[in-house]
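The values are calculated or read from the model by the stated rules, or taken from the named source; none is laboratory data. Just so it is clear, the model here is predicted, and its values are computed rather than measured. Note that we place each Cβ from the backbone using ideal geometry, even for glycine, and neighbour counts take in every protein chain shown. Ligands, DNA and RNA are excluded from the accessible area calculation, which covers all protein heavy atoms including side chains. Shrake-Rupley method; radii C 1.70, N 1.55, O 1.52, S 1.80 Å.
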Amino acid sequence: MTSFSTHRRRVHDTARTPRQRFAALRTCITEFAPYGFRATYHHLCRSAGIPPDLERDPQSLVRAVEELYGARRVWLAEFLPWQELRRAQKAAGVRVPVPPEPWRLLYCPDPESHPDLPLPAAAALIARSAGPWPPQACPVCAEDRGTTRWRTGHSVERLCAGCGVGLGSRPTGREDAVLAARAERWKLVWRRRA
């Protein structure tokens with residue numbers, strides 16, 4: 001398995017076709033996705049301006065991977081001290097980490113509803129957050145801006161009305177019509193047409 005850094009270099013490699021570079025970007029997103037894969041993908045497509053036809057602006061892929069890389073560096077810088085502390089705690093026989101492990105993401109179930117923050121700013125919020133999941137209050141808005149509901153086809157997600165961060169879910173069972181609608185919408189997002 002290759003690393004985030006390897007795929008980041010592939011995105012920068014102009015000897016590769018735009019499609020190959022785009023595939024490397026997608027792999028980077030699987031390695032580090034602060035909002036979850038789909039919402040992070042949508043955010044990067046929007047913020048970097050990745051066009052449906054990659055040939056029109058291959059530099060947009062570089063902009064996207066650099067934003068993601070910046071966020072990853074921020075998160076790792078905050079997470080590494082916790083890892084070192086946890087290693088020491090494990091050596092001492094402490095079974096429950098104190099403080100709890102920092103969150104790895106601000107899960108946004110709706111791929112098109114996520115914070116407008118640049119990813120490095122979101123990564124800083126994630127790394128400094130700890131505690132039970134799902135959070136009681138939105139870690140991005142830091143205030144109660146109300147909630148909305150979003151159906152996945154298997155559950156009803158409670159989202160922050162201000163930024164779209166998931167605040168919990170309730171299973172509903174399989175809803176075929178909702179699943180089909182979500183799949184069609186995701187195809188548009190995936191092709192960068194939404």
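Using only the alpha-carbon atoms of the range 76-118 as identical scatterers, what base-10 log of I(q)/I(0) does the Debye formula give at q = 0.18, 0.21, 0.23, 0.24 Å⁻¹?
Those come out to -0.64, -0.73, -0.80, -0.83, one per q.
What is the sum of charges, Lys and Arg at +1 and Asp and Glu at -1, for the other residues whose Cβ falls under 13 Å from the Cβ of Arg182?
That works out to -1.
Quick one: with all protein chains in place, what share of the accessible area of the range 79-188 is carbon or sulfur, to the nearest percent (1.4 Å probe)?
55 percent
In Å³ and rounded to a whole number, note down the convex hull volume per residue for the Cα atoms of the range 11-54.
72 Å³
Taking the chain as a Gaussian network, where each spring joins two C-alpha atoms under 10 Å apart, which residue of Leu61, Leu44, Leu85 fluctuates the most?
Leu85
In the chain, which helices (entire DSSP H runs) extend 18 Å or more along their own long axis, judged by Cα positions, while averaging at least -1.0 on the Kyte-Doolittle scale?
18-31, 59-91, 176-190
Just for the Cα atoms in the chain, what are the lengths along the principal axes, largest first, rounded to whole Å?
Principal extents (largest minus smallest coordinate, Cα): 53, 40, 29 Å.
Between Glu31 and Arg16, what is the label-point separation in nm under the 7 Å Cα-to-beta-carbon projection?
Between Arg16 and Glu31, the simple spin-label model gives 1.0 nm.
In the chain, what cysteines have no partner Cβ closer than 4.7 Å?
Cys28, Cys45, Cys108, Cys163
Taking amide H atoms as placed 1.01 Å from N in the peptide plane, list the residues 5 or more away in sequence, or in a different chain, whose amide H sits under 5 Å from that of Ser169.
Excluding prolines and chain starts, which carry no amide H, the hits are Arg158.
Please work out the average accessible area per residue across the chain, using the 1.4 Å probe convention, and give it in Å².
That works out to 55 Å² per residue.
How much accessible surface area, in Å² rounded to 10, belongs to the heavy atoms of His42 with a 1.4 Å probe?
It works out to around 10 Å².
Once you compute Rg and the Kirkwood Rh from C-alpha atoms, what is the Rg to Rh ratio for the range 32-92?
For the range 32-92, the value is 1.22.
Return the long-range amide H neighbours of Arg151 (sequence gap of 5 or more, or a different chain), with a cut-off of under 5 Å between placed amide H atoms.
Glu157
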